[in-house]
1. In the stretch B:214-231, which residue that is of a type in the set (Gly, Ala, Ser) and in a helix (DSSP H, G or I) is farthest from the other protein chains (Cβ to nearest Cβ)?
2. Could you go through the stretch A:265-277 and let me know if any residue there is touching a residue at least 12 places away in the same chain (Cβ under 8 Å), in contact with an Asp or Glu (Cβ under 9 Å, 6 or more places away or on another chain) and among the hydrophobic types (A, V, I, L, M, F, W, C).
3. Output the residue which, of all residues in the stretch A:112-127 that are assigned to a loop (DSSP other than H, G, I, E, B) and not basic (Lys, Arg), is farthest from the other protein chains (Cβ to nearest Cβ).
4. Can you tell me which of B:Gln422, B:Gln380, B:Gln452, B:Gln376 is within 10 Å of chain A (Cβ to nearest Cβ), more than 30 Å from A:Met150 (Cβ to Cβ) and assigned to a helix (DSSP H, G or I)?
5. Can you say whether A:Asp176 is within 8 Å of chain B (Cβ to nearest Cβ), surrounded by fewer than 18 Cβ atoms within 10 Å (Cβ to Cβ), modelled with pLDDT under 90 and part of a loop (DSSP other than H, G, I, E, B), as far as the supplied structure shows?
6. Taking only pairs six or more apart or across chains, which ones have beta-carbon atoms under 7 Å, a first residue in the stretch B:150-168 that is within 18 Å of B:Phe118 (Cα to Cα), and a second residue that is among the polar types (S, T, N, Q) and assigned to a helix (DSSP H, G or I)?
7. Return the total of residues in the stretch A:84-111 being within 13 Å of chain B (Cβ to nearest Cβ) and free of Cβ contacts under 8 Å to residues at least 60 places away in the same chain.
8. Quick one: in the stretch A:328-344, of everything that is in contact with a Gly (Cβ under 9 Å, 6 or more places away or on another chain) and away from chain B (no Cβ under 14 Å), which residue is farthest from A:Val135 (Cα to Cα)?
Amino acid sequence: MLDRRRFLGAAGALATTALLPRIAYAGPAATEQRFVFIIQRGAADGLHILAPTGDPAFLKQRGVMADTVLGGEVLGESFFTLHPSLKRVGLLAKQKQARFVHASASAYRDRSHFDGQNVLESGGRQPYTEKTGWVGRLLMQLPAMQDRAMAIAPSVPMAMRGSTQVATYAPSALSDASDDIMTRVSALYADDAQLASLWDSARATHELADNLDLDGHRGAAAIGMLAGQMLAQPDGARIMMMESDGWDMHSSQAPRMAMQLKNLDAMIASLADGLGAAWTKTLVIVASEFGRTVAINGTAGTDHGTGGLMMLMGGALDGAGQVDADWPGLNPAALLDGRDLRPTIAAEAVIGASLAAHFSLDPERLMARLYPSQPGLKPFRA
Amino acid sequence: MRKTDIAWSRFGLGPRPGDEPLTDPIGWLRDQMDDYRPDLASTGALASRARINADFYALRTARKQAMQAASMAGDAKVKVAQLPQSRQFRGHYEAQAAVRIRAAVASETPFVDRLVHFWSNHFAVSIDKPLVLGLAGLMEFEAIRPHVLGRFEDMLLAVVQHPAMLLYLDQVQSIGPKSQFGQKIAARGRNQGLNENLGREILELHTLGARSGYSQSDVTELARALTGWTAVGLGNGPVQRLTTRLGGEPGDFLFAPPLHEPGKRTILDRTYPQAGMQQVRAILTDLARHPATARHLATKIARHFIADEPPAPLVARLETVYLEKGGDLRAVYAALITAPEAWANTESKFRTPWDWLIGAFRLQGGVPEMPDNPDQADHQLAGLFAQLGQPIWQPGSPAGFADSAGDWAGPEALFRRVEVAQRLARHTSPATDPREVAGRVFGEALRPATAQVVARAESPQQGMALLLVAPEMMRR
């Protein structure tokens, strides 16, 4: 309970970060490093977000939809074009604070959202074989951060499940309950371990939100700002997960994608702004359960595919400004099952390698901890 | 938990203040299957499909005009949601949601109503799509309620023919590439054709289940077979004009031969000859009776009623009954309520927001009146479920809302329940004694901590709010 309150900064009289236990691994002021995982639920179309406009087969396959990326930031030796709705992300790429990994995928090779998200988040080889998530297992490797994890969601997402208690927060349209009843509810749950733990976490988080005077804000930019400020606090969160829904575009993809990316861009922009100086100590990874078909379907959308896009951002990103891809090509013969972008880079390898660099951990050892059921996997090197 | 509590809450929708402890809990559940009435008295007041359809297209026109007017006036933003037509259209959804809520709160057959909600979520549509907003409730009333005690294949067929499902999973726009219509538009150079969304979800979510052995080719073949299954006057452009010309009342199911892909189809190694709409009927019947479907449905039912990780022997028994009785759901429910696992003395399920709020209303003896603004009652009622994180008919995905504790037992979710409980309890009559309600409803199952905290409350309202969020109310 004491650690939780300290993390949430609810009581200034309590211990500060200086009193946190000394950490067992290398790297100066390791509790200053921040990590944010943004999951795009619904299978985001990487080919539309970072379009391989240098591949002649792309224009052929995508037709009019290919034109909707015109005017966006040109990257990766002019082979790729970033969707123009991603203005801030494009700027970050120019400033060498964003990096892209294309034609990447988790170990999952089927086309169910729910199974795919489970594999991406749990880090297993098969759906529902791992009971905890890789962010949860990362926390086990970062003892000083175990009580400083938060999900911007009403409940703990799969990726963050593990043995540590993760705080959750989601802005509410309801008015806050009175302090009096909150104390009484604590008494009500005193002999119920599950409810008591949930309730303590909820109370502490709301105290923090009240201090920031942000309660009740909605919208992508407000959520990003809230998250950024929670991460920026000296005693605030260090490991965070955010959810972005609505990427499943079976029809009318072009206008929906423009709107969806505008929201994601606003969230990332305000996250970076809210972090302020701490942006240089932050790593953001954006990923989706899988990509979408290369060809447009009969309803101006795309269907569930395989290879997709990962985006990495941060103020001090290693190797930033690049597109990493072992480009498989988009000719019909090059496609997976004759329909999907063939994945050539393992998402797990990218996650493991970038987290190891960010937290000054041994890459091989971290990979083994994060993905115990994929022992053959080596950390990604560009 | 007493057996009475298990019958009331695990199988039913929670106790009401006047309920007497049950002497025969299994018999109480079994009798409900005879007493259940598929028609809801209040559905007569709801708008018809044709009316909802007409309102939707009126809204679309109004929206277009508003955007044009705004662009002429140089305004960058149009507040579409504030158009009177938008509010009016959303009113259809809110009225349907309120019918569902009030029926659940007043239900004398809460076990069967819980099953209706279960199947409605199994065949989930989500009101994120504009027209589905007006039709989602009708799907539950028209396709789920009549079949909840019947055969699974009849429910499946009714759902797949409902305009809400046809729209939600993009079926209304799917065209057979080699169909009469498909060839015509291909000759004009239009890129419009097959959409495999409904076909995929029928296999993955509605029948066989994920990882049960079907292939991408089965998905595509089912999508091809489904072409022509559409509804009158929905969708856009030439398809809309075609179905309007062919069909009857707007929104009604229609098999449109000009959209249907010719030829035989092969699914799970079985070939289905071309027989118009009989082709899909035959496929759906086989899918409904497939062992993988039996396993998938038995697991979901056991998870919903018994435990997040359902006991394997129970799943196996339900599966066997399902297969032996040709998908007769009533036989499956009979096996469920007599299973010893069902009566184990553990609070094994964390209540979803829907479960919790319906249970809270029932414990208070009904949905509170909102006398300040009766016109807004439906709107506020539907809004409460959204604020708790489970907006009615809006799971956001065809998989429906999740059904295990990990998805609902979050700190923020609990916080919101406390906020809502406070708001609901404001309507508690000062003459109500929450100590007495707690004792009467929970009997010897009442925890000492709950009794004490409720007894020490500063007012009946606060006592009721605390009772509504007590551990006894959070699990079933």
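The values are calculated or read from the model by the stated rules, or taken from the named source; none is laboratory data. Please read all numbers here as calculations on a predicted model, not as lab measurements. No Cβ is skipped: glycine too gets one built from the backbone with ideal geometry, and neighbour counts run over all protein chains shown.
1. Going through the stretch B:214-231, the residues of a type in the set (Gly, Ala, Ser) turn out to be B:215, B:217, B:223, B:225, B:228, B:231.
Next, from what is left, pick out any that are in a helix (DSSP H, G or I): B:217, B:223, B:225.
Details: B:Ser217: 10, B:Ala223: 10, B:Ala225: 15 Å.
Here the answer is B:Ala225.
2. no
3. So in the stretch A:112-127, the residues assigned to a loop (DSSP other than H, G, I, E, B) come out as A:112, A:123-127.
Filter once more, so that each one left must be not basic (Lys, Arg): A:112, A:123-124, A:126-127.
On the way: A:Ser112: 5, A:Gly123: 16, A:Gly124: 13, A:Gln126: 8, A:Pro127: 7 Å.
Ranking the candidates gives A:Gly123 first.
4. On the way: B:Gln422 fails: more than 30 Å from A:Met150 (Cβ to Cβ); B:Gln380 fails: within 10 Å of chain A (Cβ to nearest Cβ); B:Gln376 fails: within 10 Å of chain A (Cβ to nearest Cβ).
Only one candidate passes the filter, namely B:Gln452.
5. On the way: within 8 Å of chain B (Cβ to nearest Cβ): yes; surrounded by fewer than 18 Cβ atoms within 10 Å (Cβ to Cβ): yes; modelled with pLDDT under 90: yes; part of a loop (DSSP other than H, G, I, E, B): yes.
Judged against the criteria, A:Asp176 is a match.
6. Partner pairs satisfying both residue conditions: B:Glu153/B:Thr285.
7. First, the residues of the stretch A:84-111 that are within 13 Å of chain B (Cβ to nearest Cβ): A:108-111.
Those left that are additionally free of Cβ contacts under 8 Å to residues at least 60 places away in the same chain: A:110.
Number of matching residues: 1.
8. Among residues in the stretch A:328-344 that are in contact with a Gly (Cβ under 9 Å, 6 or more places away or on another chain) and away from chain B (no Cβ under 14 Å), the one farthest from A:Val135 (Cα to Cα) is A:Pro332.
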